[in-house]
1. At a 1.4 Å probe, what is the % contribution of carbon and sulfur to the accessible area of segment 1-113?
2. Of the listed peptides 151-163, 196-208, what is their order by residue-averaged count of other C-beta atoms within 10 Å, with the highest listed first?
3. What figure, in Å² to the nearest 10, do you get for the accessible area of GLU312 with a 1.4 Å probe and non-protein molecules left out?
4. Return the sequence-ordered ³J(HN,Hα) values of segment 49-61 in whole Hz as given by the Karplus equation 6.51 cos²θ - 1.76 cosθ + 1.60 applied to θ = phi - 60°, using x for Gly and Pro.
5. May I ask you to evaluate 6.51 cos²θ - 1.76 cosθ + 1.60, the Karplus curve with θ = phi - 60°, for each residue of segment 299-316 and list the ³J(HN,Hα) values in order in whole Hz, giving x for glycine and proline?
6. Using mean Cβ contacts within 10 Å as the protection proxy, how do 76-83, 172-179, 109-116 order, highest first?
7. Local charge sum around THR326 (other residues, Cβ-Cβ under 15 Å, Lys/Arg +1, Asp/Glu -1)?
8. Sorted by packing (mean other beta-carbon atoms within 10 Å per residue), highest first, where do 62-71, 333-342 land?
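The values are calculated or read from the model by the stated rules, or taken from the named source; none is laboratory data. Just so it is clear, the structure is predicted and the values come from calculations on it, not from any experiment. When we count neighbours, we look across all protein chains shown, and the Cβ atoms used for this are built from the backbone with ideal geometry, even at glycine. Just so you know, the surface numbers come from the protein's heavy atoms only, side chains and all, with ligands and any DNA or RNA stripped out. Shrake-Rupley method; radii C 1.70, N 1.55, O 1.52, S 1.80 Å.
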Amino acid sequence: MAEFETIVDQIYRAATDSDLWPQVLHELAASVNAAGGVILTRRSDAWIGWRYSAAMSGVDDYLRSPAVARSAATVRLIAADRAGFVDAYDVFTPEEWLADPVMTHWGTPAGMLHTAAAAIQMPTDDFVVVHLTRRIGQAAFEPADIARLDAYRPHLARAGFLAARWRLERLRAATEALAQIGLPAVVLDPRGRALAANALIETLTRHVKWLPDDRVALADSAANALLRRALADMSDPAATTARSFPARGRNDDTVVVHLVPMTGEARDLFDGGCALLVVTPVAARRAPDPALIRGLFDLTAAEASVASGIVEGLSPDQIAERHGTTPATVRCQLKGVFAKTGVGRQSQLAALLATQLKLPYPPKLPYPPTE
């Protein structure tokens, strides 16, 4: 079992390297004879990131499942309003605890039973929850165990604060790197709240509206609706929601908005549920660059060919004849182009693709890319 000072040191190191949290949670659990632990970040009514020790098998599937929204565990933990760890039996009866989804969908099948947890408010409006559990057959947590865990709570709170600040600095660095190559950018959470933004997007007031609570919207109502749908679906890598679409400004000038999900399989403690919004201006040209258009809108080669034909003024039947395929196939591909570009008519598609982004090439990065 690691000494107190060693665990405290590991906690602070994990603040800037989230890969260390599983070992920290293992040592923290071992200090009170628990099987394992999980640390989670909660924003609004959703978990946005978590890390857990090796013994907590199955907890990742539970946290991704609909059952987690039905659990009363976090609500009761926060309602306890205790600046320290809380035993589950302080806020649940034994029968209630066994019937809660955290137990029926994860704890009991995993062989876990007794739980001690702490909720820590962050300056970013996030909650950090640390959850430690003992196996079925072990004794419940004693007051002495809770007191031992409470000694770690101030360090966990400071580490959470440092992790949040570290995350914001990384997000700011990402937006500033894009500013170096002339791209307005902002990092958004699922509610459309800006977490970091560069100066270029802050001055793009013809297209971007800044709302109360640091929320971001687009001046073009149709484009803003697409943005909201994309934000709602950004945690689903299989979602077919358009993530690159045109947006008109107040002066009727057009930009292309790109929403790039920043979620990952690791569910990093503070990085879950973010997206990078990049606005790229367009400049009129006589013909589009098919390779650039294909890359910007994630079109397949066949879809890009269909889109180019539309810009030339060809009908789906004429495009089918050109490529030796059927009109039905072309219409199916055109439907895919509409979904990816966020337009609904051929005339809108032609107007959008008859413009080409004016980007510096090759881009000059402020520092060499890292792996």
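1. 53
2. On the way: 151-163: 19.0, 196-208: 17.3.
Peptide ranking by packing, descending: 151-163, 196-208.
3. 110
4. x, 7, 9, 8, 7, 4, 6, 8, 5, x, 5, 5, 4
5. Rounded to whole hertz, the list is 7, 6, 4, 5, 5, 5, 5, 5, 4, 4, x, 4, 4, 6, x, 7, 8, x.
6. On the way: 76-83: 14.9, 172-179: 17.1, 109-116: 20.2.
Answer by packing, highest mean first, reads 109-116, 172-179, 76-83.
7. Numbers: positive: ARG322, ARG331, LYS335; negative: ASP317, GLU321.
My count for the surroundings of THR326 gives +1.
8. Numbers: 62-71: 14.5, 333-342: 19.8.
In decreasing order of mean packing, 62-71, 333-342 become 333-342, 62-71.
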